[in-house]
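First comes the structure, then the notes that go with it.
The values are calculated or read from the model by the stated rules, or taken from the named source; none is laboratory data. The structure presented is a predicted model; accordingly, all values stated were derived computationally and were not measured. Because the Cβ atoms are built from the backbone with ideal geometry, glycine has one as well, and the counts that use them run over all protein chains shown. Ligands, DNA and RNA are stripped out before the accessible areas are found, and what is left, the full protein with its side chains, is counted by its heavy atoms. Shrake-Rupley method; radii C 1.70, N 1.55, O 1.52, S 1.80 Å.
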Amino acid sequence: MWYFTWILGLLLACSLGIINVLRLEAQETWDREHIPLDPLTQLMSKDMMLGRLKEKVENSKRNGFPFSILLISLKGFKTRNNLPDHEMDAILRGVADCVKEDIRVGVDIAARMDEQDFLIAMPGSPLKKAEQIAAQIKNEISERIKAPGLVVEAAVGVAEYSATSEESAATTNEVDELIRVATAKSGL
């Protein structure tokens, strides 16, 4: 008789796990179809990213896992190269492609924050791992975005969030501070 109870409990636990996985997959599908994307790069918009960063900070507080961000900036790129808009757009799409290739699908999120700035949120990634990805993206940008007389320098800053309080809701100040630290580390 206890076998039946044990098997029933195991089946219930498995079915709840499957239901949770299906719920997460449905949420990700909905997100992909309904999140406003930057029309040029097809990355998340700045406003949406700031909201998602708050969620990621809250998750990091709850589960205690590390959370890192990467800020990639091409500051001064347009003024140094004096390119027509269509060429500038092609280069920004190329940079976005480098970013998309190096992030974990369904885990990391990337956004175009400004005309020449990109931000990647990497939940569950410690600072060391984020620094490796940052170096990889920076190298790919310098190798893939080339043309005679073209100067492409990507400044990359990495910051890790560490929960310092027991608050349950992420504040805008925490997200702003995280972005400020990444910006400072990029040398801008």
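Here are a few things to note about the model shown:
- When you filter the GluC sites (Glu not before Pro) in the stretch 103-143 for DSSP loop state and at most 15 other Cβ atoms inside 10 Å of their Cβ, you are left with Glu115.
- The mean accessible area for residues of the stretch 75-130, using a 1.4 Å probe and ignoring ligands and nucleic acids, is 47 Å² per residue.
- Subset of Lys54/Lys138; Lys54/Lys128; Lys75/Lys128; Lys128/Lys185 violating a 20 Å alpha-carbon distance limit: Lys54/Lys138; Lys54/Lys128; Lys75/Lys128
- If the chain linking Lys54 and Lys100 were pulled fully straight, counting 0.36 nm for each residue of separation and taking away their Cα-Cα distance, it would gain 14.4 nm.
- Accessible-area ranking of Cys14, Cys98, largest first, probe 1.4 Å: Cys14, Cys98
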